[in-house]
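Presented below is the structure to which this report refers.
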Amino acid sequence: MKIQPTLVALLLFATPAFARLNVVTTTQDPAAITRAIGGDRVSVKALAKGYQDPHFVDPKPTFMVDLNRADLFVMIGLELETGYASALISGSHNDKLASGQPGHLDLSQFIAPLEAVPLADRGQGDIHPAGNPHYWLDPENGRLMARAIAARLSQLDPEGKATYSANLAAFEKTLSARELEWSKKLARLEGQPIITYHRSWSYFASRYKLEVVGFIEPKPGIPPTPGHTLELIRLVQARGIKLILMEGFYDKRYPELIASKTGIKVAAVPNSVGGTEQVTTYFELFDAIVTAISAAAGT
């Protein structure tokens, strides 16, 4: 069969003239940022789903296969992936991904962690001694994550440096514009007390000047109890708290009980890209969170 010259040209044009970097991330948020920075020069897979609790990821054997083929492994750090990351790296037999190698990127080293507890013990619940790992929920930390990812991609793929730099600039420009929108929508809530389910929202609350005064969990990772819930009901009534902020994957029974007794509003939101079908980018994550909070708070 004779192939037409025009078809040959189209096929050549559609085929990248470079080998894509294979990137594996532990969660969806660095994956989304990597796609934005890497464009068609990268192939990205996240191990955790956006609707899962990121503390508890089942280390499937197929993950080792993914890591064996990876050029870069990106993790959140601060012990978020303690239960599975090191075992997967070891089982992948990919020396490029070992800690300290260019193929290993722990993004936590580029941010200022909150809530470090050097003398932590298990009696305090499931805490993270080096700091709270949910830092991606501050969009300014997303900017730092993007810069770190762009730098590492450029190191691994020097020929793509101009592309990564241009995509980073576009990402930061869009982020700055969206941050103005998010800040404007949340301005009326500045200084207001809120309750959250888990200690996931410290960075978000700090960025938007919300005061977290209580948690549905009596201690991090410890399920709610009737006694603690009664204390929260009294706290809501005493302080006139208007909002409970929680991830969609947590049990809503206790927050809804508190709401039924006090009239407080519950905003169940995604805390990661992919948390709902509508949230496919890092910007859409904050759009969803800010919209839900604004609706619940009546702003």
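Residue-level check: of (1) among the aliphatic types (A, V, I, L, M); (2) under 30 Å from ALA296 (Cα atoms); (3) touching a residue at least 40 places away in the same chain (Cβ under 8 Å), VAL212 misses just (3).
Here's the yes/no breakdown for (1) without any contact (Cβ under 8 Å) to a residue 40 or more places away in the chain; (2) in a loop (DSSP other than H, G, I, E, B); (3) at positive phi; (4) touching a Leu at 6+ places or on another chain (Cβ under 9 Å):
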position: PRO133; (1), (2), (3), (4): no, yes, no, yes
position: ARG147; (1), (2), (3), (4): yes, no, no, yes
position: PHE171; (1), (2), (3), (4): no, no, no, no
position: GLU179; (1), (2), (3), (4): no, no, no, no
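Would you check if LYS161 is among the charged types (D, E, K, R), free of Cβ contacts under 8 Å to residues at least 12 places away in the same chain, outside the structural domain of PRO223 (by TED's automatic domain parsing) and out of contact with any Ser or Thr (no Cβ under 8 Å at 6 or more places or on another chain)?
Working: among the charged types (D, E, K, R): yes; free of Cβ contacts under 8 Å to residues at least 12 places away in the same chain: yes; outside the structural domain of PRO223 (by TED's automatic domain parsing): yes; out of contact with any Ser or Thr (no Cβ under 8 Å at 6 or more places or on another chain): no.
Against the criterion (among the charged types (D, E, K, R), free of Cβ contacts under 8 Å to residues at least 12 places away in the same chain, outside the structural domain of PRO223 (by TED's automatic domain parsing) and out of contact with any Ser or Thr (no Cβ under 8 Å at 6 or more places or on another chain)), LYS161 does not qualify.
Given (1) modelled with pLDDT under 95; (2) surrounded by fewer than 17 Cβ atoms within 10 Å (Cβ to Cβ), where does ARG234 come up short, assuming only one miss? For ARG234, the exception is condition (1).
The residues of segment 247-283 that are outside any helix (DSSP H, G or I), closer than 22 Å to THR26 by Cβ and in contact with a helix residue (DSSP H, G or I) (Cβ under 9 Å, 6 or more places away or on another chain), listed by number, are VAL269, PRO270, ASN271, SER272, VAL273, GLY274, GLY275, THR276, VAL279, THR280, THR281. Against the conditions (1) more than 21 Å from ALA32 (Cβ to Cβ); (2) in a helix (DSSP H, G or I); (3) not hydrophobic (A, V, I, L, M, F, W, C), GLY214 satisfies every one except (2).
Look through THR62, THR26 and report the one residue that is among the hydroxyl-bearing types (Ser, Thr, Tyr) and either surrounded by 22 or more Cβ atoms within 10 Å (Cβ to Cβ) or not assigned by TED's automatic domain parsing to the domain that holds ALA170 (or both).
Values: THR62 fails: either surrounded by 22 or more Cβ atoms within 10 Å (Cβ to Cβ) or not assigned by TED's automatic domain parsing to the domain that holds ALA170 (or both).
The unique qualifying residue is THR26.
Residue-level check: of (1) under 19 Å from ALA268 (Cβ atoms); (2) surrounded by fewer than 19 Cβ atoms within 10 Å (Cβ to Cβ); (3) at pLDDT below 95, THR225 misses just (1). Tally time: how many residues in segment 172-207 are closer than 18 Å to MET145 by Cα, surrounded by 15 or more Cβ atoms within 10 Å (Cβ to Cβ) and basic (Lys, Arg)? Adding up the residues that qualify gives 2.
Only one entry of GLU217, GLU284 meets the criterion of being of a type in the set (Asp, Glu) and within 30 Å of VAL44 (Cβ to Cβ), and that entry is GLU284.
Among the conditions (1) touching a residue at least 12 places away in the same chain (Cβ under 8 Å); (2) under 23 Å from GLU115 (Cβ atoms); (3) among the polar types (S, T, N, Q), the only one that ASN68 does not satisfy is (2).
Residues that are part of a helix (DSSP H, G or I) and of a type in the set (A, V, I, L, M) within segment 181-194 comprise LEU186, ALA187, LEU189, listed in sequence order. Consider ARG188 carefully, then state whether it is closer than 23 Å to GLY274 by Cβ and among the basic types (Lys, Arg). Considered against the rule, which asks whether it is closer than 23 Å to GLY274 by Cβ and among the basic types (Lys, Arg), ARG188 comes out as no.
The values are calculated or read from the model by the stated rules, or taken from the named source; none is laboratory data. All of these numbers come straight from a predicted model, not from anything done at the bench. Positions of Cβ are generated from backbone atoms using ideal geometry, with glycine treated the same way; all protein chains shown enter the neighbour counts.
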